[in-house]
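Student: Submitted below is the structure of interest, expressed as C-alpha cells.
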Amino acid sequence: MFGYVRPFIPELKVCENEIYRAIYCGLCKQLGRSYSQLSRLMLRYDIVFLVLFSLGLSEENVEFKKQNCLLHPLKKELCLEKCSSLEKAADISIIFAYFKFIDNVRDEKFFKRFISNLSLLTFKNMFQKAAKSQSEISNIIENFMDNQINLENSQKKSIDQACDPTAKCLGLVAQTLSNNPKKQKILYRIGYMTGRYIYILDALDDINKDFKSKAFNPFLQKNAELNAEKKSKIFENALLSLNFSIAQLAESFEKLQIEKYKSIIKNIIYFGLRSAIKKVFEKHGQPLALFLNCCCESKNS
Amino acid sequence: MEKFYKLLGIDENATDSQVKAAYIAMKNKYDPGSYEKEDLIRHAEEKTEQITQAFDEIMNSRRMARMKNGEPVADDSDAYDGANSAEASDDYGYIEQLIESDDLDAAEESLDAMPQNLRTANWFYLKGLIFFKKGWLEEATEFFSASCKMDPKNITYKRALEQAIWQRSGNFGNPNGKDSYQSMAGCAPGCDLCNLCGAFVCADCCFRCMGGSYTRC
C-alpha cells in the first residue's frame, strides 16, 4: 500500500511541491513528537493525501517554518508546524500500522512473522494511546479487519466484493474529516474510490508473489496457472476498473467545496494515481504508451 | 414541444414510461442536494425546474391527445403499457424513490424480491444504479450493459453505459463533454505535442522573417 497515492512531481508547480514536501515532513516530525522516533518509519503517502483534505477543509491557521531534519541535516527544509490535522493523521498512521502488523502475523511465515510479532509488542503502547484519542477510527479499522478475514474465507468473490472492505474503511475514515452531512457524503465516496484504487493496484502489484506463495489474491483463481497471456489479460481488465475508480473519484472531488491545497490534490487525482499505475504496469512488463495525457509525459517517461 | 423532449434527452416517439424514466434520471442527476458549490447548486435548481416543466408539459399534451382520440385516461400514465408491466413499474417508482434517498439496501431487497418474469430492462438498470451508488463499479457496468441489450433504444440506459465505458477507457466526465467537470489539473488547454510542434513551426516562420532561424534548413 506504499506510494500509490502520490503527486506527479513534473506537473506540480515548484511552490506546490515545496508545500507537499513540507506537509510530508510535518507529518514525519509529528509522528516523532506524538509517539517515538521509531514510529516515524510508519509514514505513508496515503495518509499525507488525507492530511491534504483535512487541512483544506479545516479553518485552522497553519504555519510553515524552515527546519532541520535527520534525513537532510545540512539543509533546512520547509516544514509544517504542529496542528490538529497532523496530530490526527499521526494517530491514524499508528492505528493503520498496528493493524497491518496483525495482518502480517496472520499471513506471513517464519522470519517475517517473527519481525511482525516483535513490532506488535513495540507498537502496542503507541497503539493504545492512538486508539484512545481516535476511538472512532480505531473501531472502523478493526471492523474492516474482520470483514477482510470473512471475505478471504468466503467462496464466491468478485473484484467488487474483494475491494469493498478496504474501500469502505477508507470511506468511513475520510468521512470523519467533516461534520457537514453533505460534505461527509462526498468525502465517503472520495475515500471509497481511493480505497478501491489502492486495493486493486496493490493486488496487481502482488500478483507474482501471491501466486508463488498461494496467498489470497482477487485476480487469481484457486489452483489456476498464471502464464504470460493470462497475466496480460488480468492487467488489461484491471486497468478498466482502475480508470473507472479514478474517474469517479475525480467526479466526487469536483463536487467538494475545498479551497486550500486544491491544485495539489487535483495533481494527485488526475496525474499522480495514473503515474503510479504506469509504474506498476511497467514493473510487470505491461507497458502503457502515452497514458498520462499531459505535457510532461513524453519528457519524463 | 420539441425542446421539452430535447431537454429530457428523448425523442417524441418515446413511450410514457420512457419519458418517466428519463425524467427521473435527469432529476437524479441535477439533484441540488448532491452539489456543494453555490453556482452548481443554482444551476442544478434551474435545471430541475426546467426538467419538471418539460415533463409536465409532455404528459399533459399526451393526456389531451388521448382525450381527443377518445381513449380512456387514467391517472397513472403507466397503465398504457399493459396490466402486467403497469404493476411492475409501480414497484419501480417506489424503488427509484428508495435509490434517490440513498436507502440502497432496502432498494436492493425490493428488487431481488421481484419475480424473474417481471425483470425488465428497467430492473437491470436500477440494479446497476444501486451498484454504481454503492461503488461496485464492475457489477454496475455489467447490469447497465444488460439493460441496454434488453432495450437498446432507451436513452437513459444507453447514457449510463456510455459513461461507464468512457470512464473505464481512461477519460474523465461524460463522453458528450457538455456537463462534464473535465478540468485536467495544471495542464493548459490544448497543450499537447501537436500544438507544440505547430507553435514551433509558427515561431520559426516569424523568426525567419526577421532574418534568423530556429532550424538549420
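The values are calculated or read from the model by the stated rules, or taken from the named source; none is laboratory data. Everything quoted here is computed from the prediction, not taken from an experiment. Here the Cβ positions follow ideal geometry from the backbone for every residue, glycine too, while neighbour counts run over all protein chains shown. Ligands, DNA and RNA are stripped out before the accessible areas are found, and what is left, the full protein with its side chains, is counted by its heavy atoms. Shrake-Rupley method; radii C 1.70, N 1.55, O 1.52, S 1.80 Å.
Student: Please go through the range A:18-38 and give me each residue that is closer than 18 Å to A:Ile265 by Cβ and open to solvent by 40 Å² or more (accessible area, probe 1.4 Å), ordered by number.
Tutor: Within the range A:18-38, the subset closer than 18 Å to A:Ile265 by Cβ is A:18-24, A:26-27.
Matches in the range A:18-38: A:Glu18, A:Ile19, A:Arg21, A:Tyr24.
Student: Please determine whether any residue of the range B:95-115 is hydroxyl-bearing (Ser, Thr, Tyr), modelled with pLDDT of 85 or more and farther than 18 Å from B:Arg159 by Cα. It would help to see each step written out before you state the result.
Tutor: Restricting attention to the range B:95-115, the residues satisfying the condition of being hydroxyl-bearing (Ser, Thr, Tyr) are B:101, B:110.
Filter once more, keeping what is modelled with pLDDT of 85 or more: B:101, B:110.
Within this subset, residues satisfying the condition of being farther than 18 Å from B:Arg159 by Cα are B:101, B:110.
Looking through the range B:95-115, at least one residue is hydroxyl-bearing (Ser, Thr, Tyr), modelled with pLDDT of 85 or more and farther than 18 Å from B:Arg159 by Cα.
Student: Limited to the range A:247-261, what total is found for residues that are facing another protein chain (nearest Cβ under 9 Å) and of a type outside the set (A, V, I, L, M, F, W, C)?
Tutor: Counting residues in the range A:247-261 that are facing another protein chain (nearest Cβ under 9 Å) and of a type outside the set (A, V, I, L, M, F, W, C) gives 5.
Student: Which condition number does A:Pro218 fail, the rest of (1) modelled with pLDDT of 90 or more; (2) within 14 Å of chain B (Cβ to nearest Cβ) being met?
Tutor: Status for A:Pro218: all satisfied but (1).
Student: Just checking: which of the helices (runs of 4 or more DSSP H) contained wholly in the range A:33-150 hold 3 or more residues that are over 28 Å from A:Leu273 (Cα atoms)? Step through it out loud before you land on a result.
Tutor: Values: elements: A:45-57, A:84-107, A:110-133.
Passing ranges, in order: A:110-133.
Student: Just need a number here: residues in the range A:141-170 that are within 13 Å of another protein chain (Cβ to nearest Cβ) and modelled with pLDDT of 85 or more.
Tutor: Residues of the range A:141-170 within 13 Å of another protein chain (Cβ to nearest Cβ): A:156-170.
Now narrow it down to the ones that are modelled with pLDDT of 85 or more: A:158-170.
Number of matching residues: 13.
Student: Could you list, in sequence order, the residues of the range A:171-186 that are closer than 22 Å to A:Gln148 by Cβ and within 11 Å of another protein chain (Cβ to nearest Cβ)? Show your work before the answer.
Tutor: The first filter runs over the range A:171-186 and keeps only residues closer than 22 Å to A:Gln148 by Cβ, leaving A:171-176.
Within the range A:171-186, A:Gly171 is the sole residue that qualifies.
Student: Working only within the range A:249-266, note down all residues that are open to solvent by less than 30 Å² (accessible area, probe 1.4 Å) and free of Cβ contacts under 8 Å to residues at least 40 places away in the same chain. Quick ask: steps written out before the conclusion?
Tutor: Here is the first cut: in the range A:249-266, the ones open to solvent by less than 30 Å² (accessible area, probe 1.4 Å) are A:249-250, A:252-254, A:256, A:258, A:264-265.
Hits for the range A:249-266 are A:Ala250, A:Glu254.
Student: Follow-up question, since we're still on this one. Would you be able to say whether some residue in the range A:239-246 is within 20 Å of the chain's Cα centre (by Cα), within 14 Å of chain B (Cβ to nearest Cβ) and not in a helix (DSSP H, G or I)?
Tutor: no
Student: Further question: Do we find a residue being under 30 Å from A:Leu292 (Cα atoms) and out of contact with any Asp or Glu (no Cβ under 6 Å at 6 or more places or on another chain) anywhere in the range A:64-76? Give the derivation first.
Tutor: At the first step, the residues of the range A:64-76 found to be under 30 Å from A:Leu292 (Cα atoms) are none.
The answer is no, given that none of the residues of the range A:64-76 is under 30 Å from A:Leu292 (Cα atoms) and out of contact with any Asp or Glu (no Cβ under 6 Å at 6 or more places or on another chain).
Student: A further question follows. Restricting to the range B:135-165, name every residue that is in a helix (DSSP H, G or I), under 19 Å from B:Thr15 (Cβ atoms) and either within 14 Å of chain A (Cβ to nearest Cβ) or within 16 Å of the chain's Cα centre (by Cα) (or both). Break it down stepwise before answering.
Tutor: Taking the range B:135-165 and keeping what is in a helix (DSSP H, G or I), we get B:137-150, B:155-165.
Filter once more, keeping what is under 19 Å from B:Thr15 (Cβ atoms): B:147-150, B:155-160.
Across the range B:135-165, the qualifying residues are B:Ser147, B:Cys148, B:Ile155, B:Thr156, B:Tyr157, B:Lys158, B:Arg159, B:Ala160.
Student: Read through the list (1) over 22 Å from the mean Cα position of the chain (by Cα); (2) part of a helix (DSSP H, G or I), then give the number of the only condition that A:Gln286 fails.
Tutor: (2)
Student: Given the criteria within 8 Å of chain B (Cβ to nearest Cβ), charged (D, E, K, R) and either surrounded by fewer than 19 Cβ atoms within 10 Å (Cβ to Cβ) or more than 20 Å from the chain's Cα centre (by Cα) (or both), does A:Lys230 qualify?
Tutor: On the way: within 8 Å of chain B (Cβ to nearest Cβ): no; charged (D, E, K, R): yes; either surrounded by fewer than 19 Cβ atoms within 10 Å (Cβ to Cβ) or more than 20 Å from the chain's Cα centre (by Cα) (or both): yes.
For A:Lys230, the condition - within 8 Å of chain B (Cβ to nearest Cβ), charged (D, E, K, R) and either surrounded by fewer than 19 Cβ atoms within 10 Å (Cβ to Cβ) or more than 20 Å from the chain's Cα centre (by Cα) (or both) - is not met.
Here is a yes/no grid of residues against (1) surrounded by fewer than 15 Cβ atoms within 10 Å (Cβ to Cβ); (2) in contact with a Leu (Cβ under 7 Å, 6 or more places away or on another chain); (3) outside the structural domain of B:Tyr157 (by TED's automatic domain parsing); (4) at negative phi:
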position	(1), (2), (3), (4)
B:Met26	no, yes, yes, yes
B:Gly33	yes, no, yes, yes
B:Leu40	no, no, yes, yes
B:His43	no, no, yes, yes
B:Gln50	no, yes, yes, yes
B:Ile58	no, no, yes, yes
B:Ser61	yes, no, yes, yes
B:Ala65	yes, no, yes, yes
B:Lys68	yes, no, yes, yes
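Student: Evaluate the following for A:Ile115: is it among the aliphatic types (A, V, I, L, M), open to solvent by 30 Å² or more (accessible area, probe 1.4 Å) and over 18 Å from A:Ser34 (Cα atoms)? Steps first, please.
Tutor: On the way: among the aliphatic types (A, V, I, L, M): yes; open to solvent by 30 Å² or more (accessible area, probe 1.4 Å): yes; over 18 Å from A:Ser34 (Cα atoms): yes.
Spelling it out, A:Ile115 is indeed among the aliphatic types (A, V, I, L, M), open to solvent by 30 Å² or more (accessible area, probe 1.4 Å) and over 18 Å from A:Ser34 (Cα atoms).
Student: Find the residue count for the range A:74-105, including only residues that are touching a strand residue (DSSP E or B) at 6+ places or on another chain (Cβ under 8 Å) and buried (at least 18 other Cβ atoms within 10 Å of the Cβ). Talk me through it step by step, then tell me what you get.
Tutor: Our first condition is that a residue be touching a strand residue (DSSP E or B) at 6+ places or on another chain (Cβ under 8 Å); within the range A:74-105, this holds for A:76-81, A:86.
Going one step further and asking which of them are buried (at least 18 other Cβ atoms within 10 Å of the Cβ), we end up with A:79-80, A:86.
Number of matching residues: 3.
Student: Let me ask another. Inspect the range A:264-273 for any residue being among the β-branched types (Val, Ile, Thr) and within 8 Å of another protein chain (Cβ to nearest Cβ) and give the result as yes or no. Don't jump to the end; show me each part of the working.
Tutor: First, pick out the residues of the range A:264-273 that are among the β-branched types (Val, Ile, Thr): A:264-265, A:268-269.
If we keep only those that are within 8 Å of another protein chain (Cβ to nearest Cβ) too, we end up with A:269.
Yes, the range A:264-273 contains a residue that is among the β-branched types (Val, Ile, Thr) and within 8 Å of another protein chain (Cβ to nearest Cβ).
Student: Has the range A:202-225 got any residue that is surrounded by 23 or more Cβ atoms within 10 Å (Cβ to Cβ) and in contact with a Phe, Trp or Tyr (Cβ under 7 Å, 6 or more places away or on another chain)?
Tutor: The initial filter retains those residues of the range A:202-225 that are surrounded by 23 or more Cβ atoms within 10 Å (Cβ to Cβ), namely A:204.
If we keep only those that are in contact with a Phe, Trp or Tyr (Cβ under 7 Å, 6 or more places away or on another chain) too, we end up with A:204.
Yes - at least one qualifying residue is present in the range A:202-225.
One line per residue, one yes/no per condition, for (1) crowded, with 19+ Cβ neighbours inside 10 Å; (2) modelled with pLDDT of 90 or more:
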residue: A:Ala247; (1), (2): yes, yes
residue: A:Ile268; (1), (2): yes, yes
residue: A:Lys283; (1), (2): no, yes
residue: A:Ser298; (1), (2): no, no
